[in-house]
1. Does VAL215 satisfy the criteria of being open to solvent by less than 10 Å² (accessible area, probe 1.4 Å), in contact with a Lys or Arg (Cβ under 8 Å, 6 or more places away or on another chain) and aliphatic (A, V, I, L, M)?
2. What are the residue pairs meeting all of these: first residue in region 444-460, first residue under 9 Å from GLY289 (Cα atoms) and touching a residue at least 40 places away in the same chain (Cβ under 8 Å), second residue open to solvent by 50 Å² or more (accessible area, probe 1.4 Å) and charged (D, E, K, R), Cβ atoms under 8 Å, and 6 or more apart or on different chains?
3. Please determine, by comparing only the residues of region 338-377 that are of a type in the set (Val, Ile, Thr) and open to solvent by 20 Å² or more (accessible area, probe 1.4 Å), which one is nearest to PRO278 (Cα to Cα).
4. Can you run down the residue pairs with Cβ atoms below 6 Å, 6 or more apart or on separate chains, where the first is in region 333-350 and free of Cβ contacts under 8 Å to residues at least 24 places away in the same chain and the partner is among the hydrophobic types (A, V, I, L, M, F, W, C)?
5. Does GLY335 satisfy being in contact with a Ser or Thr (Cβ under 7 Å, 6 or more places away or on another chain), open to solvent by less than 10 Å² (accessible area, probe 1.4 Å) and at pLDDT 95 or above?
6. Among the residues of region 236-251, how many are open to solvent by less than 50 Å² (accessible area, probe 1.4 Å) and not in a loop (DSSP other than H, G, I, E, B)?
7. What are the residue pairs meeting all of these: first residue in region 191-206, first residue surrounded by 21 or more Cβ atoms within 10 Å (Cβ to Cβ), second residue part of a helix (DSSP H, G or I) and among the aromatic types (Phe, Trp, Tyr), Cβ atoms under 7 Å, and 6 or more apart or on different chains?
8. Could you grab me the full set of residues in region 242-259 that are closer than 22 Å to GLY335 by Cβ and either small (Gly, Ala, Ser) or more than 33 Å from the chain's Cα centre (by Cα) (or both)?
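The values are calculated or read from the model by the stated rules, or taken from the named source; none is laboratory data. Computed from a predicted model, the values in this text were never measured in an experiment. Ideal geometry is used to build each Cβ from the backbone, glycine not excepted, and the neighbour counts take in all protein chains shown. Surface accessibility is based on the protein's heavy atoms, side chains included, excluding ligands, DNA and RNA. Shrake-Rupley method; radii C 1.70, N 1.55, O 1.52, S 1.80 Å.
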Amino acid sequence: MASKLGILVVVFLSIIFLPMLSSAFIHPGLQAHRHRHRHHHRRQRLFNPLIFPQIEGGPLHENGLIENGDDNGRIPSFLNPALDNDLQENEEDQQEELTGEGRENGDENETTSTFLNPALDGAARTREEPQPEEPTDAEGELGGRKKLEPKGAKGELGGGNGGLREEFYEQSCPQAEKIVNKTIQKHFRKDPSLAAGFVRLFFHDCFVTGCDGSVLLDITPTGEVVEKKAPHNGPLIRGFETIDDIKTQLEAECPGVVSCADILAFATRDSLVFTGVPNYEVEAGRRDGLASLAKNVEGNLPTADIPAQQNIQMFQKKGMSLEDLVVLIGAHSIGSAHCNVVSPRFHDQKKAKEIDPGYLFKMQTLTMCQTEDQLVAFDPLTQNQMDSRYYKELLTKKSLIEADHNLAKEARARNVMKKLVDDQEGWLAKFTAAIKKLGEVEVLTGDQGEIRKQCRAVNGDALV
């Protein structure tokens, strides 16, 4: 009887203590495996299609994933609180495994030693050391960050590009930009194509002897032929009457303060805004030039058939890049060209081979020029709206002028066009930056040049 009782006691004790002894000596990795296996089955139950049938192609998402799920289609925890707890436990298990492995080669904090992973050392320092904040747009405008230049008193130069700065007339003629804007609005209502005229006038001024208003002069002290009479200009440029109107009003408001060169820069900006270009700040402080010679135009302005490389070099000479060139020719999305300038290319058998056949047929009809003043739109669909769609025309051999066609064939320029063609906002941002850069070319500032009393003549010269 005693022996039977002893056997029962031994069996009872083995049932209680043997599992405890085996778990004490079992390999830790096997324990983790069993723990993960248990949670794997729990996760399977939580993701059972019977509970969330949308995962397998339900109606909440076109790809069969719940609309508010993550990129892998997992159910967000707010839809299933149990899942949140389960995932947290699973993450804790994974962290235990990582720290367990880290103890072999890690430091006191159970993280991998940085000498085993130099990149981790850099990442750790990045977390510890505060990084300087990226500068933000002062105004949140397109076209680059607003430069916060010191503001000087009347006549002072407050830094900026060659003495140019924003709000230059804030104290000397506070209403200057408002007067320009109001006058542009008045003239723009009568002639929506005015914007294209001002872009061309501004460019033709800046690329000859710098942005000095020399293209506006009718006479000079030497009596020589002026820039506006050169073959590259002549009837191709306009907007002079609008400039005269603005100057008359500004002289009445603040005599001898606002230069004709700055008026042209302001007028170009304000007219472009009417075509969809975001408003941008114009740095002012330009002085007016004292000379204007037609002979200076040759070699400084691109012709309608200029080869791509020569065009690129001309811009580089003025401190403008290839991208600036490509971005600025996007302004050809507005305005028009004179028929007799573009016509020869469409009736030249050799050059016609490089033109889209459908476009060629249409243009051969449209360029049967009847008069010298006949105009042909660059982009008939959106003639008064600035848009990057114009690059699509160039990339498909539908360019109105040969110079743009030549540029579209140049590999680097073509790549820039491909990036801009479907990026209206990006192109406009680059365009405003490029037009501002154009306005900085070879400017006169400080005591250079003069402030003209009228834009068609230097001070002391009387107009006939």
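1. On the way: open to solvent by less than 10 Å² (accessible area, probe 1.4 Å): yes; in contact with a Lys or Arg (Cβ under 8 Å, 6 or more places away or on another chain): yes; aliphatic (A, V, I, L, M): yes.
So VAL215 fits the description; yes.
2. Partner pairs satisfying both residue conditions: LEU444/ARG287; GLN448/ARG287; GLY449/ARG287; GLU450/ARG287; ILE451/ARG287.
3. Initially, region 338-377 is screened for residues of a type in the set (Val, Ile, Thr), giving 341-342, 355, 365, 367, 371, 376.
This time we only want the ones that are open to solvent by 20 Å² or more (accessible area, probe 1.4 Å), so: 341, 365, 371.
On the way: VAL341: 31, THR365: 36, THR371: 36 Å.
So, considering only residues that are of a type in the set (Val, Ile, Thr) and open to solvent by 20 Å² or more (accessible area, probe 1.4 Å), the one nearest to PRO278 (Cα to Cα) is VAL341.
4. Pairs that qualify, where the first residue is free of Cβ contacts under 8 Å to residues at least 24 places away in the same chain and the partner is among the hydrophobic types (A, V, I, L, M, F, W, C), are PHE346/MET363.
5. Working: in contact with a Ser or Thr (Cβ under 7 Å, 6 or more places away or on another chain): yes; open to solvent by less than 10 Å² (accessible area, probe 1.4 Å): yes; at pLDDT 95 or above: no.
Judged against the criteria, GLY335 is not a match.
6. First, pick out the residues of region 236-251 that are open to solvent by less than 50 Å² (accessible area, probe 1.4 Å): 236-237, 239-240, 242-247, 250-251.
Retained after the next criterion (residues that are not in a loop (DSSP other than H, G, I, E, B)): 236, 240, 242-247, 250-251.
Counting residues in region 236-251 that are open to solvent by less than 50 Å² (accessible area, probe 1.4 Å) and not in a loop (DSSP other than H, G, I, E, B) gives 10.
7. LEU194/PHE188
8. Filtering region 242-259 for residues closer than 22 Å to GLY335 by Cβ gives 242-246.
The answer is ASP244, ASP245.
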